[in-house]
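Student: Provided herewith is a single structure, encoded as structure tokens, for subsequent inquiry.
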Amino acid sequence: MTSFRVQMRHVMDWKAAVLAGLSAGAGFLLVLLIAYPLATGGTPWTVFRFIGAIVLGKTVLPPPTSFDAGVVVAALIVHFGLAV
């Protein structure tokens, strides 16, 4: 009896992987921006401050929890960098 050996090559679709990470990250961020203020009574900007504090340090955590463009940009870079 003859046996056949099939060699399979694993091909990674990097475009699909990146798109899946970005879409999952966007979905989770949307859930965070809705659920956190509902659960705590805070503002959605607090979520960005928590994420941005990973790279900017704890100085961004104290009040005010208003909009800060630098914190939001840092938070988006960290969040989507980890999501992908």
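The values are calculated or read from the model by the stated rules, or taken from the named source; none is laboratory data. Bear in mind that the values here come from a model prediction, so they are computed numbers and not experimental data. Note that each Cβ is placed from the backbone with ideal geometry, even for glycine, and that neighbours are counted across all protein chains shown.
Student: Collect the residues in region 1-55 that are assigned to a loop (DSSP other than H, G, I, E, B) and among the charged types (D, E, K, R), keeping them in residue-number order.
Tutor: Arg5, Arg9, Asp13, listed by residue number.
Student: Look at Phe50 and say whether it is at pLDDT 95 or above, among the aromatic types (Phe, Trp, Tyr) and surrounded by 13 or more Cβ atoms within 10 Å (Cβ to Cβ).
Tutor: yes
Student: Determine which member of the set Val6, Val18 is among the β-branched types (Val, Ile, Thr), farther than 30 Å from Ser66 by Cβ, out of contact with any helix residue (DSSP H, G or I) (no Cβ under 9 Å at 6 or more places or on another chain) and modelled with pLDDT of 95 or more.
Tutor: Val18
Student: Could you grab me the full set of residues in region 28-49 that are more than 14 Å from Pro63 (Cα to Cα) and among the hydrophobic types (A, V, I, L, M, F, W, C)?
Tutor: Matches in region 28-49: Phe28, Leu29, Leu30, Val31, Leu32, Leu33, Ile34, Ala35, Leu38, Ala39.
Student: Looking at Leu19, Leu82, Leu56, Leu32, can you tell me which residue is surrounded by 13 or more Cβ atoms within 10 Å (Cβ to Cβ) and under 15 Å from the mean Cα position of the chain (by Cα)?
Tutor: Leu32
Student: Oh, and also: Based on what the data block shows, is Phe67 modelled with pLDDT of 95 or more and among the aromatic types (Phe, Trp, Tyr)?
Tutor: Here the answer is no, as Phe67 does not meet what is asked.
Listed here are the residues, each with its yes/no results for (1) free of Cβ contacts under 8 Å to residues at least 12 places away in the same chain; (2) surrounded by 13 or more Cβ atoms within 10 Å (Cβ to Cβ).
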position	(1), (2)
Val11	yes, no
Lys15	yes, no
Phe28	no, no
Trp45	no, yes
Val78	no, yes
